[in-house]
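Quick notes on the structure that follows.
Please treat every number below as a calculation from the coordinates, not as lab data. Since the structure is predicted, the reported quantities are computational estimates derived from the model, not experimental observations. Here the Cβ positions follow ideal geometry from the backbone for every residue, glycine too, while neighbour counts run over all protein chains shown.
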């Protein structure tokens, strides 16, 4: 993937201290454990998880993003990692991937399948994707797979159960401050205990 693209993007953005809304609504009632934040960006999700007692590992292709996350909180273990080159080591109770979209080649099915297999028994994989195109999106013709399509593509054994697959709407704010109603695709998979 193009590391420079992501470094340039994250250099233009402040560190994120607010979590994604879908993370807070899905994870709030889960008992803390080891969490992996895939494509951690500015670190808002990692910080929110750490504040709730999770032991957080955060990875991103961008060294700039990782540097910002490290500066947010010493409880977060953050490192640069290209998911196109393989999956980070370890087993986790929660793996979260929010808006893991890129204009570059990335086999998301392989990444999400590896994530499911990196879950401990009883662990959860949360995938939150765009379900609609915001006016400020870099690709106005993008088509996003539904949560059901993502789950089907993973072709997981009955050891994993889909606990949530839906498409809620919300108001989002773009980089220039404009707002628009957007759809999120939410997939929550649990590995049997």
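Distances longer than 14 Å among the Cα atoms of region 54-131: what percent of all pairs is that? Here the tail beyond 14 Å accounts for 65 percent of pairs. Take every pair of alpha-carbon atoms less than 8 Å apart whose residues are at least six positions apart; their mean separation over the length of region 62-193 yields a relative contact order of 24 percent. Potential lengthening of the chain between residue 153 and residue 180 amounts to 6.7 nm, from the contour at 0.36 nm per residue minus the alpha-carbon distance. Take the Cα radius of gyration of region 18-91 and divide it by 2.2 N^0.38 Å, N being the number of residues; the result is 1.03. Across region 31-96, the relative contact order, built from alpha-carbon pairs under 8 Å that are at least six residues apart, equals 38 percent. As a proxy for reagent exposure, ranking 136, 160, 48, 54 by other Cβ atoms within 10 Å from fewest up yields 136, 160, 48, 54.
Label positions at residue 99 and residue 12, each projected 7 Å from the Cα along the C-beta direction, are separated by 1.4 nm. With an a/c value of 1.5 or above and a/b larger than b/c for the gyration tensor axes a ≥ b ≥ c computed over the alpha-carbon atoms, region 7-56 is described as prolate. For region 101-193, the Kirkwood hydrodynamic radius from C-alpha pairs, put into Stokes-Einstein at 20 °C and a viscosity of 1.002 mPa s, yields a diffusion coefficient of 149 µm² per second.
Convex hull volume per residue, computed on the Cα atoms of region 1-126, equals 93 Å³.
Using the Cβ-Cβ distance between residue 2 and residue 166 with R0 = 30 Å, the FRET efficiency computed as 1/(1 + (r/R0)^6) comes to roughly 0.40. The distance separating the Cα centre of region 70-123 from that of region 129-193 comes to 16 Å. Entry note, region 1-127: relative contact order of 25 percent, from Cα contacts under 8 Å with a spacing of 6+ residues.
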